Amino acid sequence: MNVVVDTDIYINREKERMTEDKFQHIRDCIGDDVFEKVQKAKVLVVGAGGIGCELLKNLVLSGFKDIHIIDLDTIDLSNLNRQFLFRKHHIGMSKAKIAREAVLKYNPDVNIEAHEGDIKNQQYGHQYFQRFDLVMNALDNLSARKHVNRMCLSVGVPLVESGTAGYLGQATVILKEKTECFECLPKEAPKEFAVCTIRSNPSSPIHCIVWAKMLYGRLFDVADENNAVTDMDDNIVEGDPEKGTEVRDTKLEQAKAKGYDHWVFHKVFHTDIDRLARMKDLWTGKTPPTPLLLDDLLNNYQKNNGNNNNNNNGTITTKSIALNSQIVNSFEDNTRAFVEVIKKLKERLEKDGAKSWDKDDDLALDFVVAASNIRSHIFGIPLKSKFDIKQMAGNIVPAIATTNAIISGFIVLEAFKILSSRDQIQEKCKTTFLFKQPSNKRVIYPVSIDQPNKSCYVCSQTVVTLKIDTNTTTIGKLVNEVLKKGLAFHEPMIMKGQSMIYEGGDDLDKEELDARKMVEQKPMITFGLSDNAIIEVHDYLQDIKVSILISHCDKFEDQNKFFEVSGKPPQVQSDTTTAATTTTTDGTVQQEDIDEVEIIEYPPPSDGKLKRKEREQDDITVEEEQMQEEQDPHKRTKK
Ligand SMILES: [Zn+2]
């Protein structure tokens, strides 16, 4: 349930307080000099969501007078419990624009420019970023964070970066050549599942939920060739048709004749399960799954409840069912709900066309609830309530308003420090962590900011080594999976020596586009991108140029990987002792394999990062240092 608190009463109270010296309290805190800089500063806030709303309110109440705000999103019902600048009647409207209107009520004497748009769009290029004294990120995804990081590095504008996840949060400052950048340390990889676990061998509810979402996509969303969750007409359960050894599920045709609900149910809960059950190797030491027959289940239900009827074509209809959100519905109820909801979805598909899965689309959610629970039942996995499944399927880490409020406060404090002495950012600014449990008796934990990581391919000139199979990897896969997904380039251009191999962007004419498509289909080796070749990748928008040393590799220890990137210069890597101590902490970029399913977009700040800082930083304040030694006298070895 969303609770919306009407904050107009607070706004009015705030207005009353805003007399002549409405900023006296800020002046007292930061001094007249800094306050003057605050009043003159031109700042950009990227994102008007959970953190963005709090941050904008803080900015106008602390004397900032020239603010740009950008967000591409529109307001959704589910935002209202924490994005307090928005009201129910704003649903569907631009976040940036409504946020502007709302904070102008707090302080009308501010110039706010609101943009409804994507910060990665070309119109927000260097010239746009250059005009700001300070950029503040209030984003919820890694790809936009990386992009803004690179834009700020490229024009030398200080960036306050922030993030929250549940009770955890952090805020930090990034400045070219002075501090580490957002990409100096690898980010924790999103939780991913191998496709074979999802398709063949699920062992927990989330595996079945991911599968059910894929099935929804296969049946009711636009066709996606990567979605191989099932092939609706394939009735082979064992053997090879080319050798004439195949065994077929002949009942699939009969089920198809009974209607769409029977067809889908039989295909995914009988034919596909039968095929898996026959793969003996999968089930050593485990019970193989049992295929289900819909008519048997419905007949049983009829026998036990006696309130059904057989209609003309011999199919059984049951009493209408609504899944209860809070309790775990029985397997029988999930089965009945599946039959009911799939008919409605089929009708909707025929009437309105394909629709992507959305946790707030009740029909689509019911489908995933019922389908995942039936699959869980088949594999002996505990069933889940609709409420739980919505959280899990929507990748929801509960957003907590208090966390956003605290972190937004720290963003403004760092902004004051940046404006007061830009040349001492590394000394004065801090990375602040917010924890759920106290660490050394505190939940708010400031640490010094590291210097740039010399092996970071984004903010330091360094050669990146890319291990990849150059014989089989196409240029298209190199561009989309490695350069864009793995290394966060926006529109990469690949050069080898003086010749251009690939040009990104969409401002090409038809002939150039056709030529590019041809190039995309060919393996890297065709263009001389083989072992020991060096390529340069440029991205003009991000103003970044990276040299990449290619190292051919056709076997990876982790079978889910098809490439590996490390940011150490090659001569350092060849030194085995150095490499052994650095490869795991620095420079290794997590790959995002196309065959894996992404579950969580933005992980909470990793403890690993803090530990590294504790180890390497001597200038944590004396008080903190003593406290640490009291707690664990053996922990710190460096003096
Ligand atoms: Zn960096």
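The values are calculated or read from the model by the stated rules, or taken from the named source; none is laboratory data. Since this is a predicted model, take the numbers as computed values, not measurements. When we count neighbours, we look across all protein chains shown, and the Cβ atoms used for this are built from the backbone with ideal geometry, even at glycine. For the accessible areas, the whole protein counts, side chains as well, though only heavy atoms, and no ligand, DNA or RNA atoms are used. Shrake-Rupley method; radii C 1.70, N 1.55, O 1.52, S 1.80 Å.
Residue-by-condition table, conditions (1) more than 16 Å from the ligand (Cβ to nearest atom); (2) of a type in the set (Lys, Arg); (3) not assigned by TED's automatic domain parsing to the domain that holds residue 344:
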| site | (1), (2), (3) |
| --- | --- |
| 139 | yes, no, yes |
| 156 | no, no, yes |
| 162 | yes, no, yes |
| 224 | yes, no, no |
| 231 | yes, no, no |
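Of the residues making up the stretch 436-446, none is of a type in the set (A, V, I, L, M), at pLDDT 95 or above and away from the ligand (no atom under 16 Å from the Cβ). I need the full set of residues from the stretch 137-172 which are open to solvent by less than 20 Å² (accessible area, probe 1.4 Å), in a helix (DSSP H, G or I) and over 15 Å from residue 414 (Cβ atoms), in order please. Passing the criteria: 144, 145, 147, 148, 149, 150, 151, 153. Of the residues making up the stretch 205-218, none is on the phi < 0 side of the Ramachandran plot and within 16 Å of the ligand (Cβ to nearest atom). Answer yes or no: is there a residue in the stretch 393-401 that is crowded, with 20+ Cβ neighbours inside 10 Å and modelled with pLDDT under 95. Yes: the stretch 393-401 contains one or more residues that are crowded, with 20+ Cβ neighbours inside 10 Å and modelled with pLDDT under 95. The lone criterion from (1) modelled with pLDDT of 85 or more; (2) away from the ligand (no atom under 16 Å from the Cβ) left unmet by residue 196 is number (1). Looking at the stretch 551-564, I want the residues that are outside any loop (DSSP other than H, G, I, E, B) and have a partner that is open to solvent by 60 Å² or more (accessible area, probe 1.4 Å) and not aromatic (Phe, Trp, Tyr) with Cβ atoms under 7 Å, at least 6 apart or on another chain. Which pairs are those? From the stretch 551-564, the pairs are 551/467; 551/531; 552/531; 563/467; 564/467.
Taking the stretch 455-464 as the range and being open to solvent by 20 Å² or more (accessible area, probe 1.4 Å) and more than 9 Å from the ligand (Cβ to nearest atom) as the test, the residues that pass are 461, 463.
Assess whether residue 49 counts as being touching a residue at least 24 places away in the same chain (Cβ under 8 Å) and either surrounded by fewer than 19 Cβ atoms within 10 Å (Cβ to Cβ) or assigned by TED's automatic domain parsing to the domain that holds residue 155 (or both).
Values: touching a residue at least 24 places away in the same chain (Cβ under 8 Å): yes; either surrounded by fewer than 19 Cβ atoms within 10 Å (Cβ to Cβ) or assigned by TED's automatic domain parsing to the domain that holds residue 155 (or both): yes.
Here the answer is yes, as residue 49 does meet what is asked.
When the stretch 76-97 is filtered for residues that are closer than 30 Å to residue 21 by Cβ and either in a helix (DSSP H, G or I) or open to solvent by less than 30 Å² (accessible area, probe 1.4 Å) (or both), only 85 remains.
Quick one: is residue 57 within 16 Å of the ligand (Cβ to nearest atom), open to solvent by 30 Å² or more (accessible area, probe 1.4 Å), touching a Phe, Trp or Tyr at 6+ places or on another chain (Cβ under 7 Å) and not in a loop (DSSP other than H, G, I, E, B)? It would help to see each step written out before you state the result.
On the way: within 16 Å of the ligand (Cβ to nearest atom): no; open to solvent by 30 Å² or more (accessible area, probe 1.4 Å): yes; touching a Phe, Trp or Tyr at 6+ places or on another chain (Cβ under 7 Å): yes; not in a loop (DSSP other than H, G, I, E, B): yes.
Criteria not met by residue 57.
Among the listed residues 478, 487, which satisfies the condition of being surrounded by 19 or more Cβ atoms within 10 Å (Cβ to Cβ) and away from the ligand (no atom under 16 Å from the Cβ)? The match here is 478. Checking each residue in the stretch 255-275 for being without any contact (Cβ under 8 Å) to a residue 40 or more places away in the chain and farther than 18 Å from residue 200 by Cβ picks out 255, 256, 257, 263, 266.
Within 16 Å of the ligand (Cβ to nearest atom), touching a residue at least 24 places away in the same chain (Cβ under 8 Å) and not in a strand (DSSP E or B): is that true of residue 183 in this structure?
Numbers: within 16 Å of the ligand (Cβ to nearest atom): yes; touching a residue at least 24 places away in the same chain (Cβ under 8 Å): yes; not in a strand (DSSP E or B): yes.
It is true that residue 183 is within 16 Å of the ligand (Cβ to nearest atom), touching a residue at least 24 places away in the same chain (Cβ under 8 Å) and not in a strand (DSSP E or B).
Here are 252, 219: which of them is in contact (Cβ under 8 Å) with a residue 24 or more places away in the chain and either farther than 16 Å from residue 379 by Cα or out of contact with any strand residue (DSSP E or B) (no Cβ under 7 Å at 6 or more places or on another chain) (or both)? Let's see the steps before the verdict.
Details: 252 fails: in contact (Cβ under 8 Å) with a residue 24 or more places away in the chain.
Matching residue, one of 252, 219: 219.
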